[in-house]
Amino acid sequence: MKSLRWLLIFFPIALVAELAHGNELIIFAASALAIIPLAGVLSEATEVLAEKTGPRIGGLLNATLGNAAELIITLFAIQAGLLELVRASIIGSILGNLLLVMGLSILAGGLKNGLQRFDRGHIGLDATLTILAVIAISVPSIFNAAIEPDTTRVEELSLTAAAAMLIIYVLSIVYSLRSKQPEATEAGPGIQPPRAGSRWSTRQAVGVLALATIGIVLMSEFLVGAVEPVTKVLGFSEFFVGIIIVPIIGNVAEHIVAMQVAVKNQMDLSLSIALGSSLQIALFVAPVLVFISLLMGHPLTLEFNGYEMISLTAAAVIAAFVSLDGESNWLEGAMLLVVYAIVALAFFFLPIKM
């Protein structure tokens, strides 16, 4: 997003503050702000490559790199042993897309265009997959309570569930690619049409992609390293940082795009971005993190607490209800935002110490 690129000024600020062992709050804030434009540039470079490689490979590129910024942040959190932060960020990303992004998009689009309509069949499939994703995440969390303290079997359940989730995600991508070709107003799970206007060549896009990834890696390392001291200074729990702050940082550029296309009355695309990103996190990023965590020596299990499960289930159900009737209005967007605000406040006051 070109409108956010001025935030790149915080990249050298974070770098200097980290090298000088400066104030952790400055490092945290500057790193977080620097990640926002870097994520936008990475997304734009990915879309340029997707446009040049065709819809099939392009769809896979978008599916793989759509949440790269947040994936990198969570990898550093796993390396630091902050597994509760990682689990919270997974749930927070899904909640943010289903409630915050959809809410802002429907509200903005409704205020600009009035009643908006979209393809019930296409969006309904994404909504159904979202409910399936919630079930897939919830089952290990519920059954682990009965399996513990047998940690080996808990890990085995998480691994097998993660493998099944990846299979469903791959099948959804195959279905989207083998069905009718996505048009400008359509997108399958995790497959978003490229935005017009970029004049980057393939070589330039690859270079920008590499540089943006390196930048996000650096900023993510600084961000995660500053989490613990910053939470003590601000009085936040790591749980709240993971479920609210980290997802917003990693997905701001994508959120803005969803709002912009909603204002242009392209609700199919806007809702596909919100629902598709949720599916990427639940059925792709979360299972991938489960397997990668084993290699990093900090096994991550799909074991979420009851508060996360209740919030996730409620968000998926209300998002499905909004999506299945084939039309939206600004009031529905306002309702989604109110639910998100209540959930965010509840997690802020929740006395969970990590």
* Asked: Val227 fails exactly one of the following numbered conditions: (1) in contact (Cβ under 8 Å) with a residue 60 or more places away in the chain; (2) more than 22 Å from Leu350 (Cβ to Cβ); (3) not charged (D, E, K, R). What is the number of that condition?
  -> (2)
* Report the residue count in the stretch 7-22 for those that are surrounded by fewer than 19 Cβ atoms within 10 Å (Cβ to Cβ), at pLDDT below 90 and touching a helix residue (DSSP H, G or I) at 6+ places or on another chain (Cβ under 7 Å). => 1
* In the stretch 117-157, the residues that are in contact (Cβ under 8 Å) with a residue 60 or more places away in the chain, assigned to a helix (DSSP H, G or I) and among the basic types (Lys, Arg) -> Arg120
* Structure fact -> Within the stretch 49-82, of all residues that are within 16 Å of the chain's Cα centre (by Cα), at pLDDT below 65 and of a type outside the set (A, V, I, L, M, F, W, C), the one nearest to Phe222 (Cα to Cα) is Gly66
* Asked: If a residue has to be touching a Lys or Arg at 6+ places or on another chain (Cβ under 7 Å) and either among the charged types (D, E, K, R) or surrounded by 15 or more Cβ atoms within 10 Å (Cβ to Cβ) (or both) to count, how many in the stretch 200-254 make the cut?
  -> 1
* Unmet requirement for Val233, which otherwise passes all of (1) farther than 18 Å from Pro140 by Cα; (2) under 18 Å from the mean Cα position of the chain (by Cα) -> (2)
* Asked: Restricting attention to the stretch 195-246, which residues are among the charged types (D, E, K, R) and part of a helix (DSSP H, G or I)?
  -> Arg203, Glu221, Glu228, Lys232, Glu238
* Identify all residues within the stretch 243-299 that are polar (S, T, N, Q), at pLDDT below 85 and either closer than 25 Å to Glu228 by Cα or within 10 Å of the chain's Cα centre (by Cα) (or both); write none if there are none. => Asn251, Ser277
* Taking Ser93 as the residue in question, decide whether it is in a helix (DSSP H, G or I), closer than 28 Å to Ile310 by Cβ, touching a Ser or Thr at 6+ places or on another chain (Cβ under 6 Å) and of a type in the set (S, T, N, Q). => no
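The values are calculated or read from the model by the stated rules, or taken from the named source; none is laboratory data. Quantities reported herein were computed from a predicted structural model and do not represent experimental measurements. Every residue, glycine as well, gets a Cβ built from its backbone with ideal geometry; the counts of neighbours run over all protein chains shown.
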